[in-house]
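The values are calculated or read from the model by the stated rules, or taken from the named source; none is laboratory data. In this text, all values refer to a predicted model and were calculated from it rather than measured experimentally. Cβ placement follows ideal geometry from the backbone for every residue including glycine, while neighbour counts extend to all protein chains displayed. Just the protein is used for accessible areas: all its heavy atoms, side chains included, with ligands, DNA and RNA removed. Shrake-Rupley method; radii C 1.70, N 1.55, O 1.52, S 1.80 Å.
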Amino acid sequence: MAEATPSSDHTNVRASSQVAKAPPASSRSQTQDITSGEAGATPARPLKRTPLYDVHVGLGAKIVPFAGFEMPVQYPTGITAEHKAVRENAGLFDVSHMGEFIVRGPQAVEFVNYVTTNDVAALAPGQAQYSTILREDGTIVDDCLVYRADDRVLMVVNGSNIDKDFAHISRFIGKFDATLEDISDTIALLALQGPDAAKILQQHTDTDLSKIKYYEFTTGKVAGVDKVYISRTGYTGEDGFELYFPGEQATKIWNALTASGEVTPTGLGARDSLRLEMGMALYGNDLDDTTTPLEASLGWLVKMKKGDFIGRDALAKQKEEGLKRKLVGFTTGERSFPRHGYPVFANGKPSGEVRSGTMSPTLGIPIGTAYVPPASAAEGSPLEIEIRGKRVPATVQKMPFYKNGSRL
């Protein structure tokens, strides 16, 4: 991935680059102390901005705090229209708040394989995978994407977790002949999503997009910008591409992709409703530092046979003892909005709270997720959601809720 020079304006850049290397044995414990300082030990940072902040303001976007950034939640078209555009045509998201770590060296693959649950060694260069980063007790530090290139591995993490993730995995770099660098402040990320995404992007690149399969990527020129990572990935259930490139090129590529009017600028509101219709997890809602991937119905990301990795023993023990809760999707018969945090009941007993919830723009029904006992996790099982003091009947439904995405 091309590495750009960050802006000198502190309000327009992300966290400073961090580099972790295998330290000398005598200094390793000191390095770990520095990188894993307690949360709250330093004053809260001012909100940051992506390189496209002024573009969003110029488009009339509603800007909200998100993951430490000032981000567009919606544009004047509104969340429902933006959601519909992605399902039927194409939408463009600025997701430059996401974090990127580069791992280099002879044991780059081995290191990332150790700090994530999926099998990085199974990837060929040019392939990507969804994965999770765990603590030793099996709980989730973050979910992430892993890209394997010929000479490096790229890890993409949630923007709110950049510092936490980097500190966590830096603890283990000393075991491997590899280096770890946080390049989050140098990279912009755009997600072009929708059934028309390939047709539209093809107008701006000489790369043959038909040769890039789902969860594959290549490096090419987009809108005259060299060395762009072109990745056939996304979090909407539709076909689409995620583009990684130097931050100073963000406005040029954004303007090129939106110039014809075929692409709808799309904010965080539609991003959330789109991913929830597909049953895709959101860290901080469906996933957090109390949940394991087995509980979160992400067992398919855990490759126990690949060898040792952080959290493996804890997950093996959890599998042996049996799960006490499981993340499920649900719908309600009434058109009441199941918001995050509303109490959930299974067999009349409290079962945590709604983790994600919305009125599905595509389906026109309330949808949500919650953790329930395994006995109440089967499709069709009855639940209750307390909405404004009233218990509303709900039913467990298999995810994804929306089953006609162009990526299915």
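Identify the residue in the range 100-154 that is of a type in the set (Asp, Glu) and within 17 Å of the chain's Cα centre (by Cα) and, among all such residues, is farthest from Ala316 (Cα to Cα). Break it down stepwise before answering.
Here is the first cut: in the range 100-154, the residues of a type in the set (Asp, Glu) are 100, 110, 119, 136-137, 142-143, 150-151.
Subset that is within 17 Å of the chain's Cα centre (by Cα): 100, 142-143.
Numbers: Glu100: 30, Asp142: 19, Asp143: 19 Å.
Within the range 100-154, the match that is farthest from Ala316 (Cα to Cα) is Glu100.
Restricting the range 102-121 to residues that are under 17 Å from Phe166 (Cβ atoms) and of a type in the set (A, V, I, L, M), which is surrounded by the fewest Cβ atoms within 10 Å (Cβ to Cβ)? So that I can check it myself, show each step before the final result.
Kept after step one, since they are under 17 Å from Phe166 (Cβ atoms), are these residues of the range 102-121: 102-105, 108, 111-112, 114-116.
Cutting the leftovers down to of a type in the set (A, V, I, L, M) gives us 102-103, 108, 112, 115.
On the way: Ile102: 21, Val103: 26, Ala108: 23, Val112: 29, Val115: 27.
Here the residue is Ile102.
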Pairs, first of a type in the set (D, E, K, R) in the range 246-269, second crowded, with 16+ Cβ neighbours inside 10 Å and at pLDDT below 95, C-beta under 7 Å, six or more apart: Glu248/Ala4
Residues of the range 274-298 classified as within 14 Å of the chain's Cα centre (by Cα) and not in a loop (DSSP other than H, G, I, E, B), total: 5
Restricting the range 188-216 to residues that are in a strand (DSSP E or B) and either among the basic types (Lys, Arg) or farther than 18 Å from Ala128 by Cα (or both), the residue that is nearest to the chain's Cα centre (by Cα): Ala188
Matching residues, the range 318-346, being assigned to a helix (DSSP H, G or I) and either under 20 Å from Met399 (Cβ atoms) or without any contact (Cβ under 8 Å) to a residue 24 or more places away in the chain (or both): Glu320, Glu321
Residue in the range 78-88 that is touching a strand residue (DSSP E or B) at 6+ places or on another chain (Cβ under 9 Å) and hydroxyl-bearing (Ser, Thr, Tyr) present: no
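With Ala394, Ala375, Ala314 as the choices, which residue is open to solvent by 70 Å² or more (accessible area, probe 1.4 Å) and either assigned to a loop (DSSP other than H, G, I, E, B) or touching a strand residue (DSSP E or B) at 6+ places or on another chain (Cβ under 9 Å) (or both)? Step through it out loud before you land on a result.
Numbers: Ala394 fails: open to solvent by 70 Å² or more (accessible area, probe 1.4 Å); Ala314 fails: open to solvent by 70 Å² or more (accessible area, probe 1.4 Å).
That would be Ala375, the only listed residue that is open to solvent by 70 Å² or more (accessible area, probe 1.4 Å) and either assigned to a loop (DSSP other than H, G, I, E, B) or touching a strand residue (DSSP E or B) at 6+ places or on another chain (Cβ under 9 Å) (or both).
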